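Here's the structure, in structure tokens; my notes come after.
Since every read-out is calculated from the coordinates, none of them should be taken as a lab result. Because the structure is a prediction, the values reported are computed rather than measured. Cβ atoms come from the backbone with ideal geometry, glycine included; neighbour counts cover every protein chain shown.
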Amino acid sequence: MRIAIAEDSVLLREGLTRLLAEAGHEVVAAEGDAEGFLRAVAATKPDACVVDVRMPPTFTDEGLRAALLVRDQWPDVGVLVLSQWVEERYATELIAGRPHGVGYLLKDRVADVTEFLDALRRVADGGSALDPEVVAQLLARSRHPLGDLTPREREVLALMAEGRSNSAIAQTLVVGGGAVEKHINNIFTKLGLAPGERDHRRVLAVLRYLGTG
Amino acid sequence: MFLIRDLLSPRTWLAFSHHLAGLVIGLVVGIAAIVCLVLGVALLPLMLIGVPVIGLTLRGAGWFAAAERARFGLFLGSRIPAWQPGVRAGYRYGLLPSWRVYKERATWGEVGYTLARLPVSILTAGATLIVWSLSLVLLTLPLYDESLPSGGAIIGNTVVRGTPAMTVSVVLGLLLLVAAPQLTRGLAAVDAAFTRWLIAPPSNLAARVTELERSRERVVDAAEAERRRIERDLHDGAQQRLVALAMELGRAKAKLADDVDAARELVDQAHAEAKAALTELRDLVRGVHPPVLTDRGLDAALSGLAARCPVPVQVHVDVPVRPKPAVEAVAYFVVAEALTNVAKHSRASQATVVVEGHGFPGSLNVVISDDGIGGADQRGAGLTGLADRVAGVDGKLHVESPSGGPTIISVVLPCG
């Protein structure tokens, strides 16, 4: 994949560049501020970009605003936002209307290299990647009661909201693919969602149900 | 010039009218007050009649004081501060004074003022009238001195006549005329000061200074305690983990050459250690100041807070204009502490947070309620800490937590 990075800390920028290069990706741009990053995206049209929320000059949410711009202007570019902390509100803004091709993860997750690369791959392919902590907040703040779900079904719902595929869910929960399929069908029936949604559209349905779509 | 200016100045004549009006008003109101008081005291054996009469008299003195504030403002432009609403003791049924009414200095100040109006006005109006008329008499004496029946004004046993005496009279009259406006206005100022002493609330500056000193002390203490907490958290948490991490990496480095498996295990441990350190640092940062509060305001920050609370929390935020960062931060920490308490002590099944802020300058109202067991310790460190934080921005904290519940914490933070 061709990847652009926006991260103001030199240490992390270099680390990310190296990590991605070692994984066989091409880092086409590594910028330290939002403006340079947006110019680079316009010039290089990468497959995906990794953006830090807090960047100069005000160190508040420049990165997030840049990410929203990229999402709106270049729908083909996957946007993975990294942050030192995660907030449900940022997630809501990021996935509003289009929960595909975007991701929002805690910076710590970079430490689990395989998982991080997997999430980046999902985002670049038009999927989504939401941090488990965000998903937990979304579930806690859900507009609808989730009381009818069994604990197992809640787990599956959370993993779906994170943007994981059936096989990934099966692997995480150490169950077979059929069992996951069954749980998902149950969830959709219990929540009154249209059955048969697959992959990206399924995430959309779930997030919309939780009150962010 | 200044003579004419002072003579024609509206201030002089307003003050003059003020003195005369005071005489009339003092006469009427003073007599009414005396009659009412005597009547009230005389009827005291008949409690049902006596007490309401006294109550009415006391209230009447209050109304009179209010009217006088207006009169002083109108005639003299002197501001006599009124009492803040809700500070004074009240009356039951509008007539029966509560016990506090009798104990308040303000009540007796007003009654005293009502009775003193007449004597004070007799002094001020009398002095004013005497000076003005004397000056006019002396000035005009040469015009009619000769035509007086006695052939001249009589002072003591002497008949005053002749040019030197007339010159002295005119000069004295002029001097008095120069002094009259000053005296009129000076007496008005004295009157205003006297009135202020009796019916204005005591300057609460002293009380305010004491309160501020106390709250500043507590805020400083709280900040110091907070710094110690941060230092301790950093020292016990992230710092120890980083030490362990460095140690494990060092051991892994040493093992790399001969025992790759052991080295891999150590690297795994180090990896886990590093991630735990990150989590701890993140929680610590959020406890110091949540970045989302700065970026997106109370609604977003409180949503996040509610989402992390193990008890289900409903959040309603209606704040059209963002308040000052200091006020936002206090509101946030009040809710954070309250929700921590809800989770730890209340055994509640749900909680509600309502934040409203309408009209600036106005106030931000924060109410946190839960359906738990109540009995919150108002003197506990948590709640007094909150009260101090709230006092730091001049706000008010109110805790209602009867044992058996529910608990309602409400905070009013002025923003302006």
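A few comments on the model shown:
- The value obtained for region B:291-415, namely the Cα convex hull volume divided by the number of residues, is 87 Å³ per residue.
- Against the main long axis of the alpha-carbon atoms of chain B, helix B:240-256 sits at an angle near 20°.
- Between B:Ala82 and B:Val38, the simple spin-label model (points 7 angstrom out along Cα→Cβ) gives 3.3 nm.
- Simple label model, 7 Å out from Cα along Cβ direction - A:Ala96 to A:Thr58, nm: 1.6 nm
- Debye log10 I(q)/I(0) at q = 0.06, 0.07, 0.08, 0.12 Å⁻¹ for chain B, Cα point scatterers: -0.54, -0.65, -0.75, -1.08
- Mean sequence separation of contacting Cα pairs (under 8 Å, at least six apart), scaled by the length of chain B, corresponds to a relative contact order of 11 percent.
- Taking θ as phi - 60° and the Karplus parameters 6.51, -1.76 and 1.60, the scalar couplings of region B:41-54 work out to 5, 5, 8, 3, x, 8, 3, 5, 9, x, 4, x, 5, 5 Hz in sequence order, x denoting glycine and proline.
- Gaussian network model of chain B, Cα within-10 Å springs - most flexible of B:Ala391, B:Ala67, B:Ala165: B:Ala165
- Helix A:10-22 axis versus longest C-alpha principal axis of chain A: approximately 70°, rounded to the nearest ten.
- Translational diffusion coefficient (Stokes-Einstein; Kirkwood radius from C-alpha pairs) of the protein assembly as shown at 10 °C, 1.306 mPa s, in µm²/s: 49 µm²/s
- For B:Asp371, residues with placed amide H under 5 Å, excluding near neighbours: B:Ser349, B:Gln350
- Sequence-separation-based contact order of region A:24-131, relative, with Cα cut under 8 Å and 6+ spacing, percent: 22 percent
- Cα Rg, Dmax, region B:152-290, angstrom units: 44.0, 137
- Efficiency of FRET between B:Ser17 and B:Val137 - r from beta-carbon atoms, R0 25 angstrom, step 0.05: 0.70
- Over region A:142-210, Cα pairs under 8 Å with separation of 6+ residues give a relative contact order of 44 percent.
- Karplus-based coupling profile of region B:391-407, in residue order and whole Hz: 5, x, 10, 6, x, 10, 10, 10, 10, 10, 8, x, 5, x, x, x, 9, with θ = phi - 60° in 6.51 cos²θ - 1.76 cosθ + 1.60 and x standing for Gly or Pro.
- Take the Cβ atoms of B:Gln314 and A:Leu193, set R0 to 35 Å, and the FRET efficiency comes out at 0.90.
- Between helix B:298-308 and chain B: long-axis angle, C-alpha atoms, 0 to 90°, nearest 10: 40 degrees
- Charge dipole magnitude, Cβ of K and R +1, D and E -1 - chain A, Cα centre, debye nearest 20: 740 debye
- Förster radius 41 Å - calculated FRET efficiency between B:Ile31 and B:Val171, Cβ distance, rounded to 0.05: 0.45
- 3J(HN,Hα) from dihedral phi, region B:346-352, Karplus parametrisation 6.51/-1.76/1.60, rounded to Hz, x for glycine, proline: 7, 6, 7, 9, 7, 9, 10
- Counting every alpha-carbon pair across chain A, the share separated by more than 31 Å comes to 19%.
- Set of region B:94-138 residues, backbone N closer than 18 Å to the point 7 Å along the Cα-Cβ line of B:Thr210: B:104-106
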